[in-house]
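See structure below.
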Amino acid sequence: MFNRKLTASLTYVALLVGCGGDDKKPVDEGMVPLVEDQSIESGCTTAPPATGSVRAKYLSCDEEKVAGLLAAGREGDILLENSKVRFVIRGPGPGFRLHGTTGGSIVDAALHGREDQLLEIQPMLDWGAGAIDELVITSSGLPTASEPGVAEFVIRGKLTTIPLLFNLVSLEAPELIVEQRYRLLPDATALEIVTRSFSISDDSPDIAGLRDIAFMGGEIHVFVPGAGLTDGIASGKFFASEGKETSYGLVYDKHPSARLSVLDTDGILFLQAIELTTNAPPERRFFVVGDGSTSSVTDVIYGLSGGISTLSGSAPAGYAIAITGIDGRAITRARAKADGTFSAQVPPGNYELQCVQQGRVPGPMVSALVPEEGIEGIAVSPGAGGALEISVADGNGAAMPARIMLSSPDGLKQFFVGAEATEIALPPGDYDLSVSRGIEFGLFQQQGLVIEDGETMTLSVVLEREVDTTGWISMDSHLHSEMSTDSSIPLDQRLLSVAGEGVEVAISTDHDFIADYSPYIARLGLSEFVASQMGAEVSSTVVGHINGWPLASDNSKAQAGSPNWDGSAPNEIANLIRGDVASRVVQINHPRRGSSAVFDLIDLNSTTLASGKTLSDLGVSGDLGDFNFDVIEVANADARSGFEDTFADWLSFLGKGFRKTATGASDSHKTTDYSGRARTFVFVGVGQDTPSTVNMDAFNQAVKDGKAIVSQGAFVTIELQDPLDSVFYGPGELVSLQNATEVAVRIRVQAASWLPLKSFQVYENDQVVFEQILDESETQSLRYDQVITLPLSTMNDSFFLVRVAAASNAGPVLPDPGPSFTNPVFVDRDGDNTFAP
């Protein structure tokens, strides 16, 4: 998904602007020496500047950082702040979101007392980012006798090519020096960004496209005038946004041709407006910070043009008021304050206002003629709405998270709730309710649930545990969030969805970024239900995607320390992931999914395990025959079409003596791509099988050892009996059957009552040696539990595993479930106490 979506996006944006002409360049007269202000404050400043003041300094303590779990500021970064707002600009060293960039991008921004929702704004010319040759605070903010205070920071350097963009669509940086000048005035909520470029040689272009790539947090919803809230391609004079408590916008300063082309791809905004002439006067744009409402941003943006009026009135606290022209074009969205009042700055004219809120019917339209002197007292009423207050508990009465699904003629609504009673706002109507918690629990359903206008229905739901997984703990080793380039799920929603699906160990695997789930788990009160490990999906556009965990997040490094895959073969990427920590787990992701699949990209022959590609074909270094990974993601719920090919690859690896653990994972990018649709159960033993008791070192070793089963609905185990000690051994273990002609095999198959099962098969090596048809109408959780005797067909070392097929769609919990299967139990036939087939 990452390669396909981002490549398409970049290809589209590349067409928006040309690369310049060949006319004679003007003489460079503008690159003056940069001089550091000698009055820069040192030490830690714990309070914002007073009204009328502004400050620029080097960030030196936690108290100076922007609030919020997404904030990425470090000591040594540049802090620009006034009485209202705080900005942090990346200082010396590597950039934040993209390998190959350096400091100079905006990484944090919020009003004082509010949380950051910005990941990064990376200014660019054509497809190059400026390196740091000079980085100077030219004005600390102290006023002079002739001028008020201004905080100003300047970065200047040669444009550099970003490896990701070059590998995706061969985009190189032009031969230019770029200067970015950031300026903040007292009491302003807009940061001025002044950009100019200088030629280096005769190869320098005359013009270059001025653009910004903005990485936004998942709570930010983009607004473009005319189009309104959008998550695709739009064009307008500016972009603004809406969020829970922080919002952003960007506009060019009175440029006659400036019209932002906005391409929003899962929270990454490609913002392009004008061409910048080399060695010419600079272009200026404003990056605006608001209080979460769109109007707090557009008030500033419309104010830059002048000639605006105030439109104010009343509405229920917290509700949004959509303001459109009489032609239906979106103008802005205000938000009612706690006292029930709202206001917005708009050009004089005729408008329609409507109260809108998630979970309610839109309110009636109200017309307003706004004169130059403004208008007040416009009352906007909400539409109809009710609520469902729901709590979920297990059979012992213990509260727990869950997934809530409500269907009506208007469509399907889905929510994830924590362990506390949760109120869900809903439009009035009749609903069919489903409540679930993954594959280990039953399903609660109620039809004809009536939600009345102005009323709150209270409902307590009990979900019984139906599948016994004692000694095992479930993992999803492939999850995405707002920190990925192709997902916009806020991290808190990511963790609520994981907990609601009953996944107990969550591995953070965002594309080329190491995210830490633990602060969100703690803040949401989910520590009893979910444990986590930090990891990353190292997403090479050349040789495919590879997960690794546990890693350590470090915001001082590019992409929080995720390995830089550029120029590396898969085995070298595995080495980069492990570093000097041999216990780290390396997983090959969706190996047969085309453009992001390792086995496809190296053209791996499933029978011989030889690569059809060479290192020179791929332009990488390493060894394509070095299979130094631990895990193959055999079941990827987002890549179902490649399952059978990957299953065959895995059996081939096992048959040639490579003990590679099979895993199942969701590869979830949206909350509707349910976490744990495919999951891995890892055997850790009784007493270690809960999120609060699991030992992660032992857990990871068990994964490497193959003490795991893959579930896409069913829970199946296999054990082989050693005739010498009569002990049964499970997946990942070795059984000595030196002189035996047959083996006793214990098979246990379970599934929740809502999942019909069709059959299971027993494999010896890559051959099916036993098949059992199951009763598809059975709803008891235990579907099969027997010891069978099977002949041993070879005198060579071998392995046994079981694969279960679901019978049909599993309704609202698990649509279209795939096969569930065990990792192998290994058989030693020659008495050397090893598996060497």
### Query
Could you say whether any residue in region 398-417 is within 24 Å of residue 443 (Cα to Cα), open to solvent by 40 Å² or more (accessible area, probe 1.4 Å), assigned to a strand (DSSP E or B) and small (Gly, Ala, Ser)?
yes
### Task
Could you check residue 123 against (1) at pLDDT 95 or above; (2) in a strand (DSSP E or B) and say which number it fails?
(1)
### Residues located in region 744-768, provided they are under 21 Å from residue 657 (Cα atoms) and among the hydrophobic types (A, V, I, L, M, F, W, C)
762, 768
### Query
Of all the residues that make up region 644-688, how many are assigned to a loop (DSSP other than H, G, I, E, B), closer than 20 Å to residue 496 by Cα and touching a strand residue (DSSP E or B) at 6+ places or on another chain (Cβ under 8 Å)?
9
### Summary
Scanning region 530-549 for residues that are open to solvent by less than 20 Å² (accessible area, probe 1.4 Å), outside any strand (DSSP E or B) and among the hydrophobic types (A, V, I, L, M, F, W, C) gives 530, 543
### Task
Check residue 245 against each of (1) in a strand (DSSP E or B); (2) of a type in the set (Asp, Glu); (3) modelled with pLDDT of 85 or more and name the one condition it does not meet.
(1)
#### Entry: Residues of region 126-138 satisfying the condition of being hydrophobic (A, V, I, L, M, F, W, C) and either within 20 Å of residue 184 (Cα to Cα) or assigned to a strand (DSSP E or B) (or both)
129, 135, 136, 137
#### Entry: Condition broken by residue 640, with the remaining ones in (1) modelled with pLDDT of 95 or more; (2) more than 30 Å from residue 561 (Cβ to Cβ) satisfied
(1)
#### Entry: Residue satisfying all of: in region 514-529; outside any loop (DSSP other than H, G, I, E, B) and open to solvent by 10 Å² or more (accessible area, probe 1.4 Å); farthest from residue 585 (Cα to Cα) among these
523
### Message
I'm told residue 261 meets every condition in (1) open to solvent by 10 Å² or more (accessible area, probe 1.4 Å); (2) part of a loop (DSSP other than H, G, I, E, B) except one. Can you identify the failing condition by its number?
### Response
(2)
### Inter-residue pairs, beta-carbon under 9 Å, first in a loop (DSSP other than H, G, I, E, B) and in region 572-584, second open to solvent by 50 Å² or more (accessible area, probe 1.4 Å), 6+ apart
583/697; 583/701
### Summary
The residue from 635, 610 that alone is small (Gly, Ala, Ser), closer than 21 Å to residue 475 by Cα and either open to solvent by 10 Å² or more (accessible area, probe 1.4 Å) or in contact with a helix residue (DSSP H, G or I) (Cβ under 7 Å, 6 or more places away or on another chain) (or both) is 635
### Query
Identify, please: which residue in region 638-691 is farther than 20 Å from residue 479 by Cβ and touching a Ser or Thr at 6+ places or on another chain (Cβ under 8 Å) and is, among those, surrounded by the most Cβ atoms within 10 Å (Cβ to Cβ)?
649
### Message
Out of the residues in region 139-180 meeting the condition of being among the polar types (S, T, N, Q) and part of a loop (DSSP other than H, G, I, E, B), tell me which one is surrounded by the fewest Cβ atoms within 10 Å (Cβ to Cβ).
### Response
146
### Query
When you look at residue 367, is it assigned to a strand (DSSP E or B), of a type in the set (Ser, Thr, Tyr) and in contact with a Ser or Thr (Cβ under 9 Å, 6 or more places away or on another chain), yes or no?
no
### Message
If a residue must be part of a loop (DSSP other than H, G, I, E, B) and open to solvent by less than 50 Å² (accessible area, probe 1.4 Å), how many such residues does region 717-763 contain?
### Response
12
### Message
Can you find, within region 31-82, the residue that is farthest from the chain's Cα centre (by Cα) among those that are open to solvent by less than 60 Å² (accessible area, probe 1.4 Å) and β-branched (Val, Ile, Thr)?
### Response
40
### Message
Between 497, 434, 477, which is part of a helix (DSSP H, G or I), open to solvent by less than 20 Å² (accessible area, probe 1.4 Å) and either more than 30 Å from residue 72 (Cα to Cα) or in contact with a Phe, Trp or Tyr (Cβ under 9 Å, 6 or more places away or on another chain) (or both)?
### Response
497
## Note on the structure
Residues of region 86-113 being surrounded by 24 or more Cβ atoms within 10 Å (Cβ to Cβ), touching a residue at least 40 places away in the same chain (Cβ under 8 Å) and in a strand (DSSP E or B), in sequence order, are 87, 89, 106, 108, 109, 110
### Message
For region 131-143, give me each residue that is touching a strand residue (DSSP E or B) at 6+ places or on another chain (Cβ under 8 Å) and farther than 23 Å from residue 71 by Cβ.
### Response
131, 133, 134, 136, 138, 139
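The values are calculated or read from the model by the stated rules, or taken from the named source; none is laboratory data. This structure is a prediction, so every number in the text was calculated from the model and none was measured. With ideal geometry, Cβ positions are generated from the backbone for all residues, glycine too; neighbour counts draw on all protein chains shown. These area figures cover heavy atoms from the full protein model, side chains too; ligands, DNA and RNA do not enter into them. Shrake-Rupley method; radii C 1.70, N 1.55, O 1.52, S 1.80 Å.
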